[in-house]
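> One structure coming up, written as structure tokens, with questions to follow.
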Amino acid sequence: MSKKNRPEPESLALSPLGVDSHAHLDLEDFDEDRETLLARARASGVANIVNVFLGPDAYERNRHLFDAHPEVAFLLGVHPNDAPQLTKEVEERMRAHFLADPRLKGVGEIGLDYYWDDAPPAVQKPAFVRQLHLAREVERPVVIHSRDANGDCLDILAAEGFRDYPVLWHCFGADMALAKAILDNGWHISVPGPVTFRKTDDLQAAVARIPLERLLIETDCPYLAPEPWRGKRNHSALVAFTAKRIAEIKGRSVADIWRITGDNARRFFGL
């Protein structure tokens, strides 16, 4: 396929049932065309988008961007790379926002990230635990960010008693061993665009075995655009191509995957 002839997501003609379960549409990457891309998402069959605010500053500054878009729900959490910023004052602001805003559907993305060197594990771990406690207090699901830290993430969730709590493992890119650990705890898995890439055999093999009732899809936009848009800025409409590849892997119709993963997201977040 010529890069000049990439298909557009609208060409898949999907019903308005899909959900992009993890997006960062408030980032400045979208300041020039956010409204256009939200319209394109609707035209591509995306019924709901879950936008992630990385800390209360971002939420307070940018939530107004979606005042005219009730289809956009919110997550709020302090990312592990920003763990030093989780002061008591920041935690109190987050608590107040969760109690006041029903559009805030989950605590996330939170967890551990040992890939970057922005915060030592000794700082990340207590920040993670405090936000897990907050999630229980405000009765919201948890959305996990784990990069090069899966063992510690699983250990902390186990120690804090989160088995069978509504937990979503965001941006899953690993193999069936990790998928099994997540599934055995009663949690859900969200699959991003790299499932469409060549040489992601372990991920594709895991996706083939993940039960459909535990599966969500996401963009993590503006990052990780799926084929045939790999390397370009990602946006919510392109989640359709992730659904298409998962349908191929599972031997199902794209319409089925679109509807089922959308229904899973709506149930998980209460959309």
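> Which net charge results when you count Lys and Arg as +1 and Asp and Glu as -1 among the other residues whose beta-carbon is under 12 Å from that of Glu160?
Details: positive: Lys125, Arg130, Arg136, Arg163; negative: Asp155.
With Lys, Arg at +1 and Asp, Glu at -1, the neighbours total +3.
> Determine the relative contact order of the stretch 14-269: mean sequence separation of Cα pairs under 8 Å and six or more apart, normalised by residue count, in whole percent.
Relative contact order for the stretch 14-269 comes out at 21 percent.
> If we count every other residue with Cβ under 14 angstrom of Phe98's Cβ, Lys/Arg +1 and Asp/Glu -1, where does the sum land?
+2
> Can you put Ile217, Ile156 in order of Cβ neighbours within 10 angstrom, beginning with the fewest?
Ile156, Ile217
> Give me Rg over Rh for the stretch 140-271, both radii from the alpha carbons and Rh done the Kirkwood way, two decimal places.
Result for the stretch 140-271 is an Rg/Rh of 0.95.
> How big is the antiparallel share of DSSP beta bridges in the chain, given as a percent to the nearest 5?
About 0 percent, rounded to the nearest 5.
> Right, another one. Compute the relative contact order of the stretch 1-74 as a whole-number percentage, counting only Cα pairs closer than 8 Å that sit 6 or more residues apart in sequence.
Computed value for the stretch 1-74: 37 percent relative contact order.
> Quick one: length gained pulling Glu32 to Asp57 fully straight, 0.36 nm per residue minus the C-alpha distance? Could the numbers behind the result be given before it?
Numbers: separation 25, 0.36 × 25 = 9.00 nm, distance 2.11 nm.
Additional length available on full extension: 6.9 nm.
> Using a 7 Å offset from the Cα along the Cα-to-Cβ direction at both Tyr115 and Ala39, what is the distance between the two label points in nm, to one decimal?
Modelled inter-label distance: 3.4 nm.
> Based on other C-beta atoms within 10 Å, arrange Met94, Met176 from fewest to most.
In increasing order of surrounding Cβ atoms, one gets Met176, Met94.
> Could you calculate the FRET efficiency of Arg233 with Ala13 from 1/(1 + (r/R0)^6), where r is the beta carbon distance between them and R0 is 22 Å, rounded to 0.05? Display every interim value, and only then the final one.
On the way: r = 23 Å, r/R0 = 1.05.
It comes out at approximately 0.40.
> As a footprinting exposure proxy, order Leu37, Leu14, Leu271 by other Cβ within 10 Å, with the fewest listed first. If you can, show how the numbers build up before the last one.
Working: Leu37 20, Leu14 25, Leu271 17.
Exposure proxy ranking, most exposed first: Leu271, Leu37, Leu14.
> So for the stretch 14-269, if I pair up every lysine 8 or more residues apart or on another chain, how many of those pairs have alpha-carbons under 28 Å apart?
So the count works out to 14.
Bear in mind these aren't lab numbers, they're just calculated from the coordinates by the rules spelled out. The model shown is predicted, which means the values in this text are computed figures rather than measured ones. Because the Cβ atoms are built from the backbone with ideal geometry, glycine has one as well, and the counts that use them run over all protein chains shown.
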